[in-house]
Amino acid sequence: MKREARALLLAGVCCAGLPGGCKKFFEKPTPTEPTAKCDDVSGAYRATFSTSCGQSGTTIPVTVTQTSCDVTVTVTGLGTLTGTMADGKADVTLEFATPCTGEATGTATISSGRIDAAFAGSQTGTGACCSVVSGTVSIFK
(Lines give C-alpha, C1' and ligand atoms only; values in the text may rest on other atoms or scores of the structure.)
Protein backbone atom coordinates (compact mmCIF):
# COMPACT_ATOMS: atom_id res chain seq x y z
CA MET A 1 0.00 0.00 0.00
CA LYS A 2 2.84 2.38 0.83
CA ARG A 3 4.42 1.64 -2.55
CA GLU A 4 1.19 2.61 -4.41
CA ALA A 5 0.85 5.79 -2.38
CA ARG A 6 4.44 6.76 -3.14
CA ALA A 7 3.90 6.12 -6.88
CA LEU A 8 0.79 8.33 -6.90
CA LEU A 9 2.56 11.05 -4.93
CA LEU A 10 5.56 10.91 -7.27
CA ALA A 11 3.30 11.05 -10.35
CA GLY A 12 1.49 14.07 -8.86
CA VAL A 13 4.75 15.90 -8.17
CA CYS A 14 6.08 15.09 -11.67
CA CYS A 15 2.86 16.21 -13.34
CA ALA A 16 2.78 19.46 -11.42
CA GLY A 17 5.98 20.51 -13.19
CA LEU A 18 4.56 19.87 -16.69
CA PRO A 19 2.91 22.59 -18.76
CA GLY A 20 -0.80 21.82 -18.54
CA GLY A 21 -0.32 19.70 -15.38
CA CYS A 22 -1.29 16.05 -15.01
CA LYS A 23 -4.16 16.27 -17.44
CA LYS A 24 -1.72 16.80 -20.33
CA PHE A 25 0.44 13.93 -19.03
CA PHE A 26 -2.38 11.38 -19.05
CA GLU A 27 -4.31 12.64 -22.12
CA LYS A 28 -4.18 10.71 -25.36
CA PRO A 29 -2.84 12.78 -28.26
CA THR A 30 -5.42 14.21 -30.64
CA PRO A 31 -5.00 12.84 -34.16
CA THR A 32 -4.25 15.46 -36.79
CA GLU A 33 -6.00 15.74 -40.12
CA PRO A 34 -3.85 14.69 -43.05
CA THR A 35 -2.74 17.58 -45.21
CA ALA A 36 -3.93 17.75 -48.80
CA LYS A 37 -1.40 16.72 -51.40
CA CYS A 38 -0.52 19.17 -54.13
CA ASP A 39 2.09 18.46 -56.78
CA ASP A 40 4.40 21.09 -58.18
CA VAL A 41 2.83 22.10 -61.50
CA SER A 42 4.64 25.40 -61.98
CA GLY A 43 6.37 26.04 -65.28
CA ALA A 44 5.92 26.54 -69.01
CA TYR A 45 2.92 24.94 -70.72
CA ARG A 46 0.64 25.37 -73.71
CA ALA A 47 -3.12 25.93 -73.49
CA THR A 48 -6.15 25.22 -75.64
CA PHE A 49 -9.60 26.62 -74.83
CA SER A 50 -13.11 26.99 -76.21
CA THR A 51 -16.26 28.69 -74.94
CA SER A 52 -19.96 28.51 -75.71
CA CYS A 53 -19.68 32.09 -77.04
CA GLY A 54 -17.33 31.11 -79.84
CA GLN A 55 -14.06 32.14 -78.20
CA SER A 56 -11.23 29.66 -78.78
CA GLY A 57 -7.47 29.34 -78.83
CA THR A 58 -4.98 26.55 -79.49
CA THR A 59 -1.41 25.86 -78.33
CA ILE A 60 -1.06 29.24 -76.60
CA PRO A 61 2.17 29.48 -74.55
CA VAL A 62 1.38 29.98 -70.84
CA THR A 63 3.23 29.95 -67.54
CA VAL A 64 1.72 28.32 -64.47
CA THR A 65 2.79 29.99 -61.22
CA GLN A 66 2.33 28.27 -57.88
CA THR A 67 2.60 29.25 -54.24
CA SER A 68 2.06 26.28 -51.96
CA CYS A 69 -1.14 24.75 -53.40
CA ASP A 70 -2.41 28.00 -55.01
CA VAL A 71 -2.07 28.03 -58.81
CA THR A 72 -2.46 30.89 -61.31
CA VAL A 73 -2.24 30.87 -65.11
CA THR A 74 -3.11 33.60 -67.60
CA VAL A 75 -4.35 32.35 -70.97
CA THR A 76 -4.13 35.00 -73.71
CA GLY A 77 -7.56 35.54 -75.26
CA LEU A 78 -9.41 33.94 -72.33
CA GLY A 79 -8.34 35.32 -68.95
CA THR A 80 -6.70 34.40 -65.66
CA LEU A 81 -7.50 31.07 -64.02
CA THR A 82 -6.82 30.68 -60.29
CA GLY A 83 -7.44 27.82 -57.90
CA THR A 84 -6.22 25.85 -54.92
CA MET A 85 -5.17 22.28 -55.58
CA ALA A 86 -5.94 19.40 -53.25
CA ASP A 87 -5.35 15.77 -54.14
CA GLY A 88 -5.33 16.30 -57.91
CA LYS A 89 -8.37 18.59 -58.06
CA ALA A 90 -9.10 22.29 -57.72
CA ASP A 91 -12.05 24.63 -57.53
CA VAL A 92 -11.17 27.37 -60.00
CA THR A 93 -12.17 30.93 -60.82
CA LEU A 94 -11.69 32.46 -64.25
CA GLU A 95 -11.51 36.26 -64.64
CA PHE A 96 -12.20 36.97 -68.32
CA ALA A 97 -9.77 39.11 -70.33
CA THR A 98 -10.53 42.18 -72.47
CA PRO A 99 -12.72 42.70 -74.48
CA CYS A 100 -14.87 40.63 -72.12
CA THR A 101 -15.29 41.18 -68.39
CA GLY A 102 -16.87 38.88 -65.90
CA GLU A 103 -16.18 35.73 -63.99
CA ALA A 104 -16.73 31.99 -64.22
CA THR A 105 -16.18 29.20 -61.73
CA GLY A 106 -15.59 25.52 -62.18
CA THR A 107 -13.44 22.55 -61.38
CA ALA A 108 -10.10 21.32 -62.63
CA THR A 109 -8.27 18.02 -62.54
CA ILE A 110 -4.51 17.90 -62.35
CA SER A 111 -2.83 14.73 -63.58
CA SER A 112 0.37 13.71 -65.35
CA GLY A 113 1.55 17.25 -66.08
CA ARG A 114 -1.84 18.32 -67.40
CA ILE A 115 -4.59 20.59 -66.05
CA ASP A 116 -8.11 20.26 -67.49
CA ALA A 117 -10.83 22.65 -66.33
CA ALA A 118 -14.51 23.21 -67.10
CA PHE A 119 -16.15 26.50 -66.17
CA ALA A 120 -19.45 28.41 -66.33
CA GLY A 121 -20.32 32.01 -65.55
CA SER A 122 -21.22 35.33 -67.12
CA GLN A 123 -19.45 38.01 -69.08
CA THR A 124 -20.11 41.33 -70.77
CA GLY A 125 -18.25 43.17 -73.47
CA THR A 126 -17.96 43.37 -77.23
CA GLY A 127 -17.29 40.76 -79.89
CA ALA A 128 -17.52 37.11 -78.82
CA CYS A 129 -18.63 37.96 -75.26
CA CYS A 130 -22.02 36.66 -74.13
CA SER A 131 -24.01 36.99 -70.95
CA VAL A 132 -23.99 33.29 -70.07
CA VAL A 133 -20.80 31.40 -70.92
CA SER A 134 -19.36 27.95 -70.33
CA GLY A 135 -16.28 26.29 -71.66
CA THR A 136 -13.15 24.25 -71.16
CA VAL A 137 -9.44 24.92 -70.97
CA SER A 138 -6.64 22.36 -71.18
CA ILE A 139 -3.12 23.20 -70.07
CA PHE A 140 -0.46 20.70 -71.10
CA LYS A 141 3.30 20.25 -71.62
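The values are calculated or read from the model by the stated rules, or taken from the named source; none is laboratory data. Not measured: the values here are computed from a predicted model. Note that each Cβ is placed from the backbone with ideal geometry, even for glycine, and that neighbours are counted across all protein chains shown.
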Exercise. If you check Thr107 against the conditions, is it without any contact (Cβ under 8 Å) to a residue 40 or more places away in the chain, in the same structural domain as Gly77 (by TED's automatic domain parsing), under 15 Å from the mean Cα position of the chain (by Cα) and in a strand (DSSP E or B)?
Worked result: yes
Exercise. If you scan the range 98-112, which residues turn out to be modelled with pLDDT under 95 and within 19 Å of Tyr45 (Cβ to Cβ)?
Worked result: Ile110, Ser111, Ser112
Seminar exercise, completed: In the range 112-125, anything assigned to a strand (DSSP E or B) and under 14 Å from Val71 (Cα atoms) is listed as Arg114, Ile115, Asp116, Ala117
For this session: Look through the range 44-87, keep the residues that are of a type in the set (A, V, I, L, M, F, W, C) and more than 15 Å from the chain's Cα centre (by Cα), and return whichever of them is surrounded by the fewest Cβ atoms within 10 Å (Cβ to Cβ).
Result: Ala44
